[in-house]
């Protein structure tokens, strides 16, 4: 607009300047005496100066370096004027040329000031005709505007210096604000003009703030065609590209066109535009007709527009709520009509939103309205339907109102139907161990006015589980009337509910005024509950015949609430039925004073649960210490809920709290007394006889035959946390723990003593400055003491431990030291631990120990921290521990999302009677929510296993822990279901050696589990190059290179390829085992070739089938020894021995009995040392044996047979395969 105003201004200045110059020139060139009489006054005020004058009065005249009034300068002015016409107030200019006009800023300002003050100047001519004019301008400034150059061309131009202009006009202008090129054709009946304006972006930028930017110089093209009655126009805008902050605006189309009736002042226009930006893209078409003198009553419009927001822009505002717009909607807006009745239609289609990776879809949203902008009457109609992962449903709203008086005119009706999605809802309640099984259909209806709104919300059925208990809500309904203007509300609620334990209904009726809280409130609430007899019977282990029934009713106002409770249940125990009743007197609660008063009684006559109790209470609930209580409870029998208190009943508890609290408990084996004068300071005494926990809870099998007793007393003050307690806890076999503790002015002092350990705690509880010390003189003795109280497995371990703990506020320090802990066949020495930290982090300053006394001296190693260790507590799972020799444990993240890594490099590991190996491992662990992933490599070298199973049945082996299905169910809550695993295990030249087996093998296996395909771990890979010796009784089997291949079966069922030789003096037998574990195929061959029956006969009895038929050889003898040694193998495990061997004594006995046999018993007393006892008919022999190497043994023997002797032997055996 500023540019158009400036353009008009310069045209006016040019014409004014031109007329003034022409008058001055006429004055100079005319006959002075003649002209001075006509134009005396203009001549005097002309103020015209020039440098050079040429021409004559009858021809063309030219002036150079013209200066008009020190305000306007021309480089050159030439003109051809009809002087005679000028004298008759009709100026005719045949030709005029003005070059390089310069106009001073003050001159322009004076003209503008005259224009603003409406000053008028008398016209020097009634009419001016210009046949041809060429005018150029340069270097003209006004305020921020500067014209660098301009040219104006007039042809056949006529003007009355007022409203009438005719002719051809062409203007070209180059300025700092725009470049303008226009052409106009004017005549008496019509006119036509067109032009092009390039607006300079740098000029516009001066008027913009720092956040705004114009990227391109806008272009405006216009055309006008009309006459004195009607004009048509078209205005087009191009190159419109702007930015505000980070937002862009690019106009693809901008056109304003139409027609204007000049006499009627009536506009008929079309506005058409489309634009794109990073906020949205849009198209708009607006057709309008309006009489500008009466817009309100004449405007008629027809609007069609579409808008599509940009999802990148929208997501900037919603992504912080974990929400993203994945599909932007198309918004269509239509409006048609006038200010009296405007019809509006809005349609939103296909909008997709993701909230926490859950889709919410708006299929369509329609808005229709009839709007009267003049009268204020409005009718609207809104409808939408939606779906997706969150919920699906619909909403309809119809309303009418008058904007000038909404309170009295609003009338509406709405209907919403919603079905939530269970999967989405379960995301938020899963952490509470809850799950929605059936989602409800929710129906909401409302209608009315602001004076009275009627509403109804109903929910048909909801099914859920909470901590594996089922919960249901059915026929939930809330309805009522609300006055939005006056606040009066009448609410009604009703619902059915159910759980595994009970079902019932709840109801509520209330009246109140939400605008005036002090107005009277009246309500009645009631609930009826029926228990599930079967479920409650299982929980309580009682036979509940009829479902327990409970009635609760509450009524009143905001001042006084009255509650009644009435409950009854019928229990059958051993054919004796009894009713249990719980009743209350009206319980009164004074809301203002917070006073409560009531009484509750409970009675049961059942044989297993014989109880009667009464409790009366009153007082200010905000001051519980000042409330009064009194009552009693007699428990004559209690065998319920999985507990049997027969050893403790009858039991009576008396409570007296009218002035001071006194609680006394008396039973067979327990006497207790608690007294308090003010519910702050308490004194207590507790003395029991021997109490057998297993007689109370049959599930405590570990405590069978165990009892506990306690004798103690003390004092406790709640306000300052002071206490004093002394007591003794006793159990079987003179087990005794003495407890002494006190906290007062001198701080905390507590001691816990037992014959095997002693613990002390000292410090200040308020400041949390504490110091604790635990001394264990003998771990073995402490385990024996614990075993008196709680039966546990005994371990061969002993040593002394000294531990201290220091806490200063949130900081703590732990020290642990032990000179030596003796294990079975090795020791752990010089154990030292030093750590400190706070509630979030533990820092390991020192952790070291040494292993010693291993038979293999290379297993005697030093373990210590390479650097300070770190372990995070709470929700964090950060850990950084590096130990020598070459152990690294690292992790970071939270409990639900973390990564870990365990590395071992050339780590020598060994355990007596198990084996030894060098471990190189790199295991990575990742937890992401419920999903965990374990992968890595385990490389084992120099592996030698010596463990020998002592039983044919693995569950009898003390060294093996068998996880049963029951155990799995018991610990099911700790199992992470979503798991994947990929671990490679490699061991080359591995050795497995026991007294009966000596083999060598290569292991290359993979443990793999893929989620969600696999429920259990699968094994892939193979054990190959298996070869060695297997001794079964008196038989020796030589294993030739064999293999076992694992295929990743669901049930472990490897492919077998085993080749075994059994050599006899007469024959070499080969046994081949093929197929898989579940369906093995065994074949036999021999050298020399023998029939299958002879091969079987040689394997079992050592002779051919033919000799067997003749009764030759030691067939029966061989069979007897074979079966005896099979039995002896299991007997060895039963008696804790490593070997029982039955062999022929060589005296020539051939019967099928055990006559003529020696029985050898062997027990390993360490990894290399064994004791052997040989019993025979002639007597006994005792041998102490030590393995010096795989082939050499040293023996020291004492023979007490018929020929007693003592010997020392060095035995060398070389095994050939």
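The values are calculated or read from the model by the stated rules, or taken from the named source; none is laboratory data. It should be emphasised that the depicted structure is a prediction, and the values quoted were computed from it without experimental measurement. Backbone-built Cβ (ideal geometry, glycine too); neighbour counts: all protein chains shown.
Quick one: count up the residues across segment 656-687 that are in a loop (DSSP other than H, G, I, E, B) and either closer than 21 Å to residue 637 by Cα or without any contact (Cβ under 8 Å) to a residue 40 or more places away in the chain (or both). Total satisfying the criteria: 8.
Hey, does segment 866-877 have a residue that's surrounded by fewer than 15 Cβ atoms within 10 Å (Cβ to Cβ), more than 33 Å from the chain's Cα centre (by Cα) and at pLDDT 90 or above? Checking segment 866-877: at least one residue is surrounded by fewer than 15 Cβ atoms within 10 Å (Cβ to Cβ), more than 33 Å from the chain's Cα centre (by Cα) and at pLDDT 90 or above.
Restricting segment 1138-1165 to residues that are buried (at least 16 other Cβ atoms within 10 Å of the Cβ) and closer than 20 Å to residue 1196 by Cβ leaves a set whose member that is modelled with the lowest pLDDT is 1158. Just wondering, is there one or more residues in segment 191-203 that are within 21 Å of residue 237 (Cα to Cα), assigned to a loop (DSSP other than H, G, I, E, B) and assigned by TED's automatic domain parsing to the domain that holds residue 108? Looking for residues that are within 21 Å of residue 237 (Cα to Cα), assigned to a loop (DSSP other than H, G, I, E, B) and assigned by TED's automatic domain parsing to the domain that holds residue 108, one finds none in segment 191-203, hence no. Summed over segment 252-279, the residues that are modelled with pLDDT of 85 or more and not in a loop (DSSP other than H, G, I, E, B) give a count of 19. Mind checking whether some residue in segment 1020-1033 is touching a helix residue (DSSP H, G or I) at 6+ places or on another chain (Cβ under 6 Å) and not in a strand (DSSP E or B)? Scanning segment 1020-1033, I find at least one residue that is touching a helix residue (DSSP H, G or I) at 6+ places or on another chain (Cβ under 6 Å) and not in a strand (DSSP E or B), so the answer is yes.
In the condition set (1) surrounded by fewer than 17 Cβ atoms within 10 Å (Cβ to Cβ); (2) in a strand (DSSP E or B), residue 913 is compliant with all but (2).
Taking the criterion of being part of a strand (DSSP E or B) and surrounded by fewer than 15 Cβ atoms within 10 Å (Cβ to Cβ), the only residue of segment 878-891 that qualifies is 884.
Of 569, 547, 533, all but one fail to be crowded, with 16+ Cβ neighbours inside 10 Å and either over 22 Å from residue 469 (Cβ atoms) or touching a helix residue (DSSP H, G or I) at 6+ places or on another chain (Cβ under 6 Å) (or both); the exception is 547.
Only one of the listed residues (982, 989, 1014, 998) is in a strand (DSSP E or B), more than 30 Å from residue 1167 (Cα to Cα), modelled with pLDDT of 50 or more and in contact with a strand residue (DSSP E or B) (Cβ under 9 Å, 6 or more places away or on another chain). That residue is 982. Confirm whether residue 424 is surrounded by 15 or more Cβ atoms within 10 Å (Cβ to Cβ), touching a strand residue (DSSP E or B) at 6+ places or on another chain (Cβ under 7 Å), in contact (Cβ under 8 Å) with a residue 40 or more places away in the chain and farther than 23 Å from residue 482 by Cα. Yes; evaluated as a whole, the condition is true for this residue. Scanning segment 817-827 turns up at least one residue that is in contact (Cβ under 8 Å) with a residue 60 or more places away in the chain and assigned to a strand (DSSP E or B).
Conditions (1) out of contact with any helix residue (DSSP H, G or I) (no Cβ under 9 Å at 6 or more places or on another chain); (2) under 30 Å from residue 88 (Cα atoms); (3) exposed (fewer than 12 other Cβ atoms within 10 Å of the Cβ); (4) at pLDDT 85 or above, marked per residue:
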residue: 113; (1), (2), (3), (4): yes, no, yes, no
residue: 117; (1), (2), (3), (4): yes, no, yes, no
residue: 126; (1), (2), (3), (4): yes, yes, no, no
residue: 136; (1), (2), (3), (4): yes, yes, no, yes
residue: 145; (1), (2), (3), (4): no, no, no, no
residue: 149; (1), (2), (3), (4): yes, no, no, yes
residue: 152; (1), (2), (3), (4): no, yes, no, yes
